[in-house]
1. Which one of B:Ala128, B:Ala185, B:Ala198 is closer than 22 Å to A:Pro34 by Cβ, in contact (Cβ under 8 Å) with a residue 60 or more places away in the chain and more than 7 Å from chain A (Cβ to nearest Cβ)?
2. Among the numbered criteria (1) at the interface with chain B (Cβ under 9 Å from one of its Cβ atoms); (2) touching a residue at least 60 places away in the same chain (Cβ under 8 Å), which single criterion is violated by A:Val163?
3. Which number in (1) without any contact (Cβ under 8 Å) to a residue 60 or more places away in the chain; (2) more than 8 Å from chain A (Cβ to nearest Cβ); (3) over 27 Å from A:Ile283 (Cα atoms) marks the one condition that B:Asn252 misses?
4. Hey, any hits in region A:251-263 for a residue that's under 26 Å from A:Gln284 (Cα atoms) and touching a residue at least 40 places away in the same chain (Cβ under 8 Å)?
5. Are any residues in region B:234-285 in a helix (DSSP H, G or I) and touching a strand residue (DSSP E or B) at 6+ places or on another chain (Cβ under 7 Å), and if so, which ones?
6. Hey, which of the helices (runs of 4 or more DSSP H) in region A:35-121, taking only ones fully inside, have at least 1 residues that are at pLDDT below 95, out of contact with any Pro (no Cβ under 7 Å at 6 or more places or on another chain) and small (Gly, Ala, Ser)?
7. For A:Phe170, all conditions in the list (1) open to solvent by less than 30 Å² (accessible area, probe 1.4 Å); (2) at pLDDT 90 or above; (3) within 10 Å of chain B (Cβ to nearest Cβ) hold save one; what is the number of the exception?
8. Counting just the residues of region A:128-150 that are of a type in the set (S, T, N, Q) and assigned to a helix (DSSP H, G or I), which one comes out nearest to the chain's Cα centre (by Cα)?
Amino acid sequence: MTEKSTATAPAGGGRRPPSVRRRRRRERAFDEVPRWQIYLPLGLYLLFTLVPFYWMLLFSLRPAGSTSLVPWPMTFDHFEKVWNDRSFSVFFQNSALIGVFTLICTTTVALAGGYALARFNFRIKQTFMLALLCSQFIPGALMLVPLFQIFKNLSLINSPLSVVIAETVFQLPLSIILISGFIKNVPYSLEEAAWVDGCSRLQAFRIVVLPMLRPGLIAVGSFAFVHSWNHFLFALMFLMDQDKQTIPVGLSTLIGADSVDFGALAAGGVISAVPVVIVFAFIQKWLITGFSAGAVKG
Amino acid sequence: MAQDSSGAPPGAPKKPGSRTTRAKGTGISPRRLPYLLIAPAVLLMVGFIAYPMLSVFYYSLQNYNATKPWRNGFAGLDNFRRIFTEDPLFWDSLVFSGKWVFTEVTLQLALGLILALLVNQTFVGRAAARAMVFSPWAVSGVLTTTIWLLLYNPSTGVGRYLADAGIGTYGSSVLSDTGTVFWAAVLAELWRGVPFFAILILADLQSIPGDLYEAASVDGANRFRQFFHITLPHLRDAIILSTLLRAVWEFNNVDLLLTLTEGGPAGVTTTLPLYVAVTGFEAHDFGYATALTTVAFAILLFCSILYLRLSKFGGDHK
């Protein structure tokens with residue numbers, strides 16, 4: 001802001017002695033954003049982000065009929081009701097099962113494909129890459145009708161396997177691209193060194209590559225899980241029986257009820273959010289780096 | 001061998017006779033291995049993406065209606081004639097889709113960009129702010145619906161409390177009014193969609209070398225000039241790609257609208273994919289639904305190619 005602060009920041013991006021760097025941080029460069037220009041818009045946006053979440057929590061925790069803006073006295077009746085009477089315990093299990101199997105299928109298939117893309121040149125590589133990119137533009141919602149026919153022919157309608165397959169297929173392209181990006185970041189020379197030491201390709205992969213891939217795999221696996229946990233359409237269309245349904249479909253039946261029980265609806269919403277919140281708290285630190293390493297660099 | 005983390009893959013065919021390192025004991029020749037590795041992915045994608053796509057084209061030429069089986073059979077282009085000449089619902093849903101995609105993507109991009117620039121600054125509580133700001137991104141369409149139904153409902157929503165405090169009046173639900181339902185749905189989807197852009201743009205912002213800004217500020221460029229001459233050009237490709245992906249995603253997004261508005265009131269929030277789903281699964285008119293799908297495909301493909309051409313994606317730029 002003053003002449004002095006510009007003078008302390010030398011031209012060029014070279015390393016400055018630590019004392020200068022520390023002083024610079026304290027005084028701030030002349031073009032640094034004033035604090036209020038960060039806190040004010042961010043605060044407004046946080047309000048927009050958090051009020052809806054608060055509203056859901058509020059309705060799930062306060063007794064029916066209460067109009068208080070603080071969930072006090074707190075009650076867990078809504079949760080009990082949704083969990084037991086509205087069979088959310090069953091939906092929860094179904095969703096978890098489908099989510100875990102989608103996670104396993106997606107990461108295994110994508111790991112193999114990603115390794116091939118990262119480490120080999122082969123004739124149809126370009127075609128395969130192009131197909132992966134193009135399939136990103138293919139709308140799952142528009143594929144419902146033919147997919148329904150296929151699963152019907154395979155007698156998989158009403159089986160969770162149909163949902164696992166559909167979720168996996170639509171998760172695959174992005175997962176393969178992400179994983180191959182992560183594998184490219186593992187130096188090939190490390191793998192070769194393991195071969196020289198007598199490892200087979202598979203052993204070298206398991207001992208050298210896999211441990212370094214862990215953050216990337218966790219990110220891709222979490223996306224697959226969260227995506228299938230959240231996705232509604234495939235389960236709604238391919239699963240007929242109510243006891244086979246998943247959490248989002250269960251929620252939508254609460255919405256569709258003639259007289260909406262808002263407490264139950266909010267409690268169902270909270271239940272559906274819990275696993276996702278846990279997963280995201282867990283992968284938070286890899287989220288941004290994962291994206292920049294895998295997706296953006298390609 | 002030199003460290004080779006980018007550029008040509010090291011598994012590239014090497015000159016015959018040159019010394020190569022090779023893993024032993026796989027039992028599979030390295031020539032066949034990549035094909036074996038991509039085989040599961042290819043099989044799944046052929047079986048559940050390519051084949052259904054082809055069958056969409058096949059069914060679109062058929063009369064295939066579960067409620068009128070006696071009329072089923074080859075229909076030629078009749079379904080398409082019906083779409084373009086006899087079906088006002090198709091045009092309405094197409095117009096709404098266009099309006100929906102355009103509004104959502106522009107607003108999400110603008111807000112996401114601002115948000116990314118904000119949380120890219122250093123300030124106290126940045127990590128917590130990032131986590132909170134990004135959180136709706138992980139929320140499903142149905143959960144978004146659940147939350148916004150609570151907020152919009154005249155007896156449980158924010159409006160009631162504002163009215164109690166003397167701001168505004170008790171009203172009917174914004175979702176049952178054809179005039180307000182569009183913006184109500186847009187707001188709910190914005191809540192969930194902005195973080196997507198913010199995350200992608202933030203990831204890209206972090207790859208801009210800080211030297212550039214330092215050099216620019218030494219040369220006397222203010223923050224706005226730095227933004228337009230360094231930040232924006234650098235983000236260009238990421239923005240083009242993410243807007244395209246997001247546009248396709250918003251076009252296909254059925255979860256939110258199906259549960260929030262059910263396409264109503266009076267069909268004013270029925271997108272084309274929603275119309276397809278209703279035609280296929282409620283009217284059981286598979287032939288007509290797949291013909292609608294084909295048309296939607298064609299429109300989406302045409303718009304994507306046009307967009308990539310016009311935006312000169314990956315082309316020369318500074």
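1. So the residue among B:Ala128, B:Ala185, B:Ala198 that is closer than 22 Å to A:Pro34 by Cβ, in contact (Cβ under 8 Å) with a residue 60 or more places away in the chain and more than 7 Å from chain A (Cβ to nearest Cβ) is B:Ala198.
2. (1)
3. B:Asn252 satisfies all of (1) without any contact (Cβ under 8 Å) to a residue 60 or more places away in the chain; (2) more than 8 Å from chain A (Cβ to nearest Cβ); (3) over 27 Å from A:Ile283 (Cα atoms) except (2).
4. No, the conditions are met nowhere in region A:251-263.
5. B:Thr279
6. Result: A:35-61, A:88-119.
7. Failed condition: (1).
8. A:Ser135
The values are calculated or read from the model by the stated rules, or taken from the named source; none is laboratory data. Here the structure is a predicted model, which means the values were calculated and not measured. Glycine also receives a Cβ, built like all others from the backbone with ideal geometry; neighbour counts cover every protein chain displayed. Surface areas here come from the heavy atoms of the whole protein model, side chains and all, with no ligands, DNA or RNA. Shrake-Rupley method; radii C 1.70, N 1.55, O 1.52, S 1.80 Å.
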